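Let me begin by presenting the structure, written as structure tokens, before commenting on it.
The values are calculated or read from the model by the stated rules, or taken from the named source; none is laboratory data. Remember, it's a predicted structure, so these values are computed and weren't measured experimentally. Glycine also receives a Cβ, built like all others from the backbone with ideal geometry; neighbour counts cover every protein chain displayed. Just so you know, the surface numbers come from the protein's heavy atoms only, side chains and all, with ligands and any DNA or RNA stripped out. Shrake-Rupley method; radii C 1.70, N 1.55, O 1.52, S 1.80 Å.
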Amino acid sequence: MLTTEFTSPNHKSFSGLTEEEVLARRQEFGKNILPEEKKTQWWTILLNQFKSPLIYIILAAALISLVLRETQDFIIIMIVVIADTILGFFQEYQAQNTYLALKSLLKPMTTVIRITPHGPERKEVEIWELVPGDLVVLNAGEKVPADGVILEAVKLSVDESILTGESEPVRKSPIEDPKNPTDVNRLFMGTTIVTGRVYMRVVHTGTQTELGKIAASIHEGIEEETPLQIRLKNFSKSLTRIVVIFTLAILISGLIMGREFFEMLRTSIILAIAAVPEGLLIAVTLILVLGMRKILKRNGLVKRLLAVETLGSVTTICTDKTGTLTEGRMRVNHTDIVDKQRALQTMVLCNNLEGPVDVALWEYAQGELNGHAQELFDSAERLDEELFTSETKFMITINRLENGEQYNFLKGAPEIVLDMCQVNPQEKARIIAEIDAWASQGLRTLGLAYRPISPLENHTSYIWLGLLGMEDPIREGVLESVEVAQHAGIRVVMITGDYQKTAERIGRNLGLFRDGDRVIDGEELKQMSDEQLQKEVGHIVIFARIRPNDKLRIIKALQANDEVTAMIGDGVNDAPALKRANIGVVVGSATDVAKETADLVLLDNNFRTIVAAIEEGRTIFQNIRKVVAYTLSNSFAEVLAIFAAMLLGWPAPLTVAQILWIHLICDGPSDIILGFEPTEPGIMDEKPKPKNAPILTRLGYILIAVISITSSVFALLIFNHYSTIHGSPIAGRSIVFASLAINSMVYIFAYRSMRKPLNKMVPLKENMYLIWTVLLGIATALLPFLIPNLGEALGVVPLAATEWATVAGIAVLLLGVVEAGKYFANRLHNND
């Protein structure tokens, strides 16, 4: 006969739902979801393309062209503006969709008891699958997934601040009268279990929950702009102000020199447009979002754009041991048992099968009891319990055995359990020595004890049962990842609740220690003032027997020394430290509260994933620097050429339409694809960049200057030469247009690395998209010379073969100049 009831550890029976009942109720009540956060509508994204002051400058140029009755210029400028707007729209729209898709990968789960053909079974399901009547199991740190009533609870307290605004946890208790539940007996969706364990019957789901009724007022906020985006926007605004001041100065100077007003106005506008890197902000945003995808491929889920750029600046990783540095799969392989029967009873009865320690104890007892551990568990009624916490480091249950005898069973940190036992001094000294010896072998130790029934609050007069030693192997690849991190100038600090000598042995096996480094435990940390901790934290690589609230102190001390910290945690009490750290990191199995606070989720729970994410973060920031320097090189080459021509009394060597064509049509795609460059060898040989590191380094400024000056000199020479030969500035502009467009398509290959020469860069096949966008850029540069109407609109005329040879020769020569500039700049500024 099918069993439809589940028996809890306290031997209370609750009915569960079958899959057929679940499907029927979901049909009736719908999915357990709140109204979705509204994403930015497409028309808002489209309108946002016109909010940049840089666009205003371009539109001003179009208006002036219209006033001057230069219809062709006006049309081509508007075509380019529309094309740029459409490109920006699709890039931003795609970035939003990519970002939302990545966030949706982090699917909230909960534990339910469902009735299967084999009887009641615990199942992990997505929260949306819950229906009224479901039986849900919740533990500390988990979010309540629906509204419900409490059937059974142990030491339960709940954070209801999301609904009430009150920060103090609220005590809760099981329902006594099902017909008249009170708030004390109810749990509400979105609140958090702070302490204890609870079995809850779901009553309301989705929009029928209390949270669902007010969901519109608590939607997740809009993603804040990252510091890099803010710096780029400020840079763009500053550049715009400089351009406006500069164009006004040019206009006034020209008028003083006796130039015609409208001619100078046009020249000023041309200069302004030449100085504006129109596609830069879009390119950087897209690089950041696509960077999230690259990190995801390496098992890291980035929840905030902030993390992408900050990862590259991390100087210290603070990590837990169990499950991150180690496999998190323990097994008992050392025992020193005084009373085997009572010890096995303690392993089975003082056990909730939560976490690797509980599982290891159960598996050991199962073997010793010839597979009858479950029978022992079912035969003894649990009367009360005190759950294990990171602060107390022990667990107690009170059980009534099958023969009617009642006992307290205790397990926990051996030194704490030992202090609760009646043990003579000589035996205590022997046990402590054994604990130290086992811990020095890297074993995790656990003490067992029991006593005749007594109130849970009585932590004395226990009888020592024995010591267990458990092994948790180091994860594959972690040792190499620690070495990579240290080589990259990143300190790895272990913060663990384990015994000091256990942690020290693991730390030495991982190579965490350097000269002068040391280990301290929670008691020693407690004696330190904040000033002492700040002074010494740089030489402490292992913090043992640490409580969660200590982690926040450690993070603050590191940050006070200007360290950029990545904190790996998993528990509800880790949330303050995770939030305070520059990068909050959680493992995939972390509590809901920890995940909510984190910036990065390690989907495979592996330490090497954060090292891989840091490498990607460094690559992304390095690529953004390349893109910024490349786009400014293009812009300032045109600015210098136009400015010098004005001073020489020559016509402008480029028109507004030609500049826009080069910036947006020829260079636009390559600006973005340059940001897809793969990781350069040696990037993890460098020290971390400061978090406030400028976007442009001295090397960047030097390369911009070299390219801008050289390119503008070539442009002026060929403009004057071919204008004179053909007797028309149109011919000169045509070759300058071709030269500047082709130049940027050639020297972009030099920008693939700001330090290495062409022959030592990452193979070009690693970024084939760049080849295609360069070919596309060259094709769009040739189009005006192949399509007469387009050529007429842009003001260019066909070039002879010798003139194309000149264009190609200048491009190759400029590439050589850039490579030479890189060589000498790197020799002068090797530490930049």
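Measuring between alpha carbons in the structure, the pairs from 393/691; 155/535; 321/760; 143/691; 31/321; 579/689 lying more than 29 angstrom apart are 393/691; 155/535; 321/760; 143/691; 31/321. Angle of helix 261-275 to the longest C-alpha principal axis of the chain, folded into 0 to 90 degrees and rounded to 10: 40°.
When the P(r) is computed for segment 476-612, the part past 19 Å accounts for 50% of the Cα-Cα pairs.
I want to verify the translational diffusion coefficient of segment 503-551 in µm²/s; compute it with Stokes-Einstein, Rh as the Kirkwood radius over Cα pairs, at 37 °C and 0.692 mPa s. Result for D is 289 µm²/s.
In the neighborhood of residue 633, defined by Cβ-to-Cβ distances under 13 Å, what is the net charge if each Lys or Arg adds +1 and each Asp or Glu adds -1?
Combined, the nearby Lys, Arg, Asp and Glu give 0.
Using a cut-off of 22 Å between Cα atoms, the listed pairs 526/687; 297/595; 428/501 include 526/687 as exceeding that distance.
Taking the Cα centroid of segment 594-667 and of segment 755-832, what is the distance between the two, rounded to the nearest whole Å? If you average the Cα positions of each part, the centres end up 16 Å apart. Spread over its residues, the convex hull of the C-alpha atoms of segment 639-688 is 133 Å³ per residue.
Taking Cα atoms only, the orientation of helix 425-440 departs from the longest principal axis of the chain by about 30 degrees. Sorted largest first by accessible area at a 1.4 angstrom probe radius, with every protein chain in place, the residues 667, 570, 530 fall in the order 530, 570, 667. Of the accessible area of segment 439-565, computed with a 1.4 Å probe over protein heavy atoms only, carbon and sulfur atoms account for 45 percent. Based on every Cα atom in segment 702-781, Rg and the maximum pairwise Cα distance Dmax equal 15.4, 47 Å.
Look at the alpha carbon pairs under 8 Å that are at least 6 residues apart: their mean separation over the length of the chain gives a relative contact order of 12 percent. Packing order of peptides 448-459, 139-150, 509-520, highest average first: 139-150, 448-459, 509-520 (average count of other Cβ atoms within 10 Å over each peptide's residues).
Solvent exposure of the chain amounts to 43 Å² per residue of accessible area, where only protein heavy atoms count and the probe is 1.4 Å. To the nearest 10, the accessible area of residue 334 is 60 Å² with a 1.4 Å probe.
Taking a 1.4 Å probe, which of 78, 754 shows the most accessible area, and what order do the others take after it?
Greatest to least solvent exposure: 78, 754.
Compactness of segment 597-705 is given as radius of gyration and Dmax, 19.4, 67 Å, from Cα positions. Take the Cα pairs of the chain, get the Kirkwood Rh, then feed it into Stokes-Einstein at 4 °C and 1.567 mPa s and tell me D in µm²/s. For these conditions, the coefficient is 42 µm²/s. The packing ranking, built from the mean of other Cβ atoms within 10 Å per residue, places the peptides 316-324, 479-487 in the order 316-324, 479-487, highest first. For the chain, the mean residue ellipticity at 222 nm estimated from helices alone is -16000 deg cm²/dmol, where every DSSP H run of n ≥ 4 contributes -39500 (n - 2.57) and the total is divided by all residues, rounded to the nearest 500. Take 651-664, 419-432 and order them by the average number of nearby Cβ atoms within 10 Å per residue, most first; the result is 651-664, 419-432. Partners of residue 294 within straight-line reach, counting lysines whose Cα lies under 16 Å from its Cα and excluding those fewer than 8 residues away in the same chain: 103, 303. Scaled against the 2.2 N^0.38 Å expected of a compact globular protein of N residues, the Cα radius of gyration of segment 660-762 reads 1.37.
Under conditions of 10 °C and 1.306 mPa s, segment 617-671 yields 125 µm² s⁻¹ as its translational diffusion coefficient, taking Rh as the Kirkwood radius over Cα pairs in the Stokes-Einstein equation. Relative to the longest principal axis of the Cα atoms of the chain, helix 500-510 runs at roughly 40 degrees.
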